[in-house]
Amino acid sequence: MTTTYDPDHPAYRDDADVRSELTRVYDLCHGCRLCLSLCPSFPTMFDLIDAKDGDVAALTPVEQDRVVDECYQCKLCYLKCPYVPPHEWQLDFPRLMQRAVAARPKTARQRITTQALARTDQSGKLGSLAAPLANAAIGRPGSSARKLMDKAVGIAADRILPPYARTRFSTWFRRRRPKAVNPEKGRVAVFPTCLVEYQNPAVGQDLVAVFEHNGVRCDLPDGLSCCGAPWLHSSEVDHFRRQAARNVGILAEAVRAGRDIVVPQPTCGYVLKRDYPEYLDSDDARAVGSHTYDAAEYLWRLHKSEGISTEFPGEVPATIAYHAPCHLQAQQIGLRSRDLLKLTGAQVTTVAKCSGIDGTWGLRSENYELARKVAQPLRDALTAAGAEVVAGDCQLANGAITQETGTVPLHPLQVLARAYGLSSPPQP
């Protein structure tokens, strides 16, 4: 039995070794149970072990794998587990689940689904070029086109998918006329994420407007690509490292030029902060990680140090239900989007329930029904809040909110832009 989370370790993909490590960790988890309320993996694990009269070693490989398959990498067990490294027991559940996936043979369908979900830049470029046609094809859940997509590439036919924008964020950024920033309180490099670049550029546009309004100059480095999270969450580490190395090379130059990096999507922010330094183990990756901020985190830091504008002449909703995404909670930076929203004078209700998406897990056909079950507490909490506006940082989680409630959430920076009275360009 080898306790390793290093993909380059010779035992990392050895099936027998992985099975032994799963038994060790499941035994520790079974004796603790602090994570019972988190993802489906834990109640499933405990039920399976209890059915064996507590004999963890009696679990079959199929039963072990069911636990693995129900982990969607929300990272919240890091916040509860008392045994994470550097504890002597070295229990890192999310990385063990990735190791178990890496050790298993992949079916042809699994490989196709991973390719379809992970090549976001290729699909994004094509989707934007053919936005009307692409959106007509993917825009109606349950349609014949979506059922065909489900069979062909394994993306759930009934899942609401974000539409492609005809004008990409980077195209808008190059064409725009920058606002004069005086005095300049800071300068940042925007890592837009593929969801903002290809599907919801209005979030990036409002980010720039809010930052410039508060004295922060925004730059957009050339050549950035998807953070690589879909590859990593599918245990395709080599693909992830190549993507990460490309982005780190670009972003490290921005850091050396005196810029911090801001990210409007929590999953991507987590990847830049935590996973790039871990998997690349380079000075540049560590520099990028230490200079990366969630967009709201950066603004709140500026508010506490130099102050940001608290004059809100624009549209301020009376009540806001704010969804705190899992990958934002896992960053342990506080709920800074919620804090910024409170500055507007709105009454903010925080809903910290999982959307069941968590990267790409909830988009896969085989996970769709369970993902919707996971999202029911979120739906119930938002319905109970009955707020005028729903806001959430994660565009994928926001899609699940729309699926479950029919409400289209705004990114918190979009709420701020409207409260400041800044004109938000229409979605291209």
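The values are calculated or read from the model by the stated rules, or taken from the named source; none is laboratory data. In this text the structure is predicted, and so the values were computed from the model without any measurement. Note: ideal-geometry Cβ built from the backbone for every residue, glycine included; neighbour counts use all protein chains shown.
Condition check ((1) surrounded by fewer than 22 Cβ atoms within 10 Å (Cβ to Cβ); (2) touching an Asp or Glu at 6+ places or on another chain (Cβ under 9 Å); (3) of a type in the set (Ser, Thr, Tyr)) across all residues:
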site	(1), (2), (3)
Phe312	yes, no, no
Pro317	yes, yes, no
Gly334	yes, yes, no
Lys342	yes, no, no
Gly345	yes, no, no
Ile357	no, no, no
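Looking only at residues in segment 38-77 that are among the acidic types (Asp, Glu) and over 26 Å from Leu328 (Cα atoms), which one is surrounded by the fewest Cβ atoms within 10 Å (Cβ to Cβ)?
Taking segment 38-77 as the starting set, the residues that turn out to be among the acidic types (Asp, Glu) are 47, 50, 53, 55, 63, 65, 69-70.
Checking which are over 26 Å from Leu328 (Cα atoms) leaves us with 47, 50, 53, 55, 63, 65.
Details: Asp47: 9, Asp50: 10, Asp53: 7, Asp55: 10, Glu63: 16, Asp65: 16.
Residue satisfying both the conditions and the ranking: Asp53.
Kindly evaluate Cys35 against the criterion of being more than 24 Å from Ala156 (Cβ to Cβ), at pLDDT below 95 and crowded, with 16+ Cβ neighbours inside 10 Å. Steps first, answer last, please.
Values: more than 24 Å from Ala156 (Cβ to Cβ): yes; at pLDDT below 95: yes; crowded, with 16+ Cβ neighbours inside 10 Å: yes.
Judged against the criteria, Cys35 is a match.
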State whether one or more residues within segment 300-322 are modelled with pLDDT of 95 or more, closer than 25 Å to Glu197 by Cβ and in contact with a Ser or Thr (Cβ under 7 Å, 6 or more places away or on another chain). yes
Any idea which of (1) in contact (Cβ under 8 Å) with a residue 24 or more places away in the chain; (2) within 25 Å of Gln414 (Cβ to Cβ); (3) under 24 Å from the mean Cα position of the chain (by Cα) is the one Thr171 doesn't satisfy? (1)
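Pick out the one residue from Ala11, Ala16 that is in contact with an Asp or Glu (Cβ under 6 Å, 6 or more places away or on another chain) and without any contact (Cβ under 8 Å) to a residue 40 or more places away in the chain. Steps first, please.
Working: Ala16 fails: in contact with an Asp or Glu (Cβ under 6 Å, 6 or more places away or on another chain).
Answer to the check: Ala11.
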What pairs can you find where one residue is in segment 248-261 and free of Cβ contacts under 8 Å to residues at least 60 places away in the same chain, the other is acidic (Asp, Glu) and not in a loop (DSSP other than H, G, I, E, B), and their Cβ atoms are less than 6 Å apart, with a gap of 6+ or different chains? Val248/Asp284; Ala252/Asp284
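Quick grid of which residues meet (1) touching a Lys or Arg at 6+ places or on another chain (Cβ under 8 Å); (2) modelled with pLDDT of 95 or more; (3) under 22 Å from Ser234 (Cβ atoms):
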residue	(1), (2), (3)
Phe93	no, yes, yes
Gln122	no, yes, yes
Arg176	no, no, no
Arg187	yes, yes, no
Glu369 surrounded by fewer than 20 Cβ atoms within 10 Å (Cβ to Cβ), touching a strand residue (DSSP E or B) at 6+ places or on another chain (Cβ under 8 Å) and at pLDDT 95 or above: no
How many of the residues in segment 202-234 are surrounded by fewer than 20 Cβ atoms within 10 Å (Cβ to Cβ) and over 29 Å from Leu422 (Cα atoms)? 0
Determine whether Asp17 is at pLDDT 95 or above, surrounded by fewer than 15 Cβ atoms within 10 Å (Cβ to Cβ) and over 25 Å from the mean Cα position of the chain (by Cα). no
In segment 190-234, anything more than 19 Å from Arg176 (Cα to Cα) and either basic (Lys, Arg) or touching a Gly at 6+ places or on another chain (Cβ under 6 Å) (or both) is listed as Cys194, Ala229, His233
